[in-house]
């Protein structure tokens with residue numbers, strides 16, 4: 001508000017009026033007669049209020065539609081919307097990767113290693129967001145909304161996007177191993193990857209066991225042995241290219 005409008009508002013309030021509001025069609029002020037009787041002497045409060053209301057109304061839209069047309073979203077809210085979009089944007093391609101990603105044989109190790117990239121990137125994003133929102137009255141509330149969304153988005157993207165790149169950038173030849181099947185039907189998946197896990201003996205020398213995902217339509221063909229084609233991965237994380245019957 002301009003200085004003239006501030007002075008007009010003060011003049012109206014000093015005359016005994018308690019509320020000033022714009023209905024969309026006209027400007028109105030409500031008066032408390034008891035307060036007016038103690039604050040005004042001689043001159044009618046209305047005579048003081050009408051010129052002041054006219055000063056306040058200068059430049060205001062004449063109708064409700066015009067008033068609605070001039071409503072602007074505060075800059076801080078626009079920044080919040082933009083930051084939320086930027087925070088979620090990296091995760092969108094990762095949902096595609098989630099469906100098509102191959103099986104990584106050490107998912108938890110891959111997850112913790114992906115945090116070495118995703119957490120610093122999310123920290124940089126949050127720092128830049130704090131700089132952009134600095135100085136706004138509701139910046140702490142907006143940051144409280146942006147921070148968890150950004151963390152979840154970057155961690156999700158780092159994990160599933162990393163699995164996708166680990167396989168996509170791997171140009172090495174597949175290493176086929178014929179292994180003994182120890183147990184079938186470990187877990188039937190009913191979500192985005194319908195299939196069955198089988199427990200096989202490890203092809204490494206550590207004597208451990210490995211769970212391998214088998215497509216649901218061929219799992220019944222796998223008998224005592226299975227042929228597993230694995231690749232070392234572009235980032236050094238072994239992944240399964242395919243698993244088929246060996247007999």
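The values are calculated or read from the model by the stated rules, or taken from the named source; none is laboratory data. It should be emphasised that the depicted structure is a prediction, and the values quoted were computed from it without experimental measurement. Note that we place each Cβ from the backbone using ideal geometry, even for glycine, and neighbour counts take in every protein chain shown.
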Is it fair to say residue 100 is in contact with a helix residue (DSSP H, G or I) (Cβ under 8 Å, 6 or more places away or on another chain), buried (at least 18 other Cβ atoms within 10 Å of the Cβ) and touching a residue at least 12 places away in the same chain (Cβ under 8 Å)?
no
Would you check if there is a residue in the stretch 81-89 being surrounded by 15 or more Cβ atoms within 10 Å (Cβ to Cβ), touching a helix residue (DSSP H, G or I) at 6+ places or on another chain (Cβ under 9 Å), closer than 30 Å to residue 155 by Cβ and at pLDDT below 70?
no
Kindly check whether there is at least one residue in the stretch 124-146 that is within 25 Å of residue 242 (Cα to Cα) and surrounded by 13 or more Cβ atoms within 10 Å (Cβ to Cβ).
no
Could you tell me whether the stretch 60-68 includes any residue that is modelled with pLDDT of 70 or more, exposed (fewer than 15 other Cβ atoms within 10 Å of the Cβ) and in a helix (DSSP H, G or I)?
no
Mind checking which residues of the stretch 114-131 are under 29 Å from residue 231 (Cβ atoms) and without any contact (Cβ under 8 Å) to a residue 40 or more places away in the chain?
116, 119, 120, 121
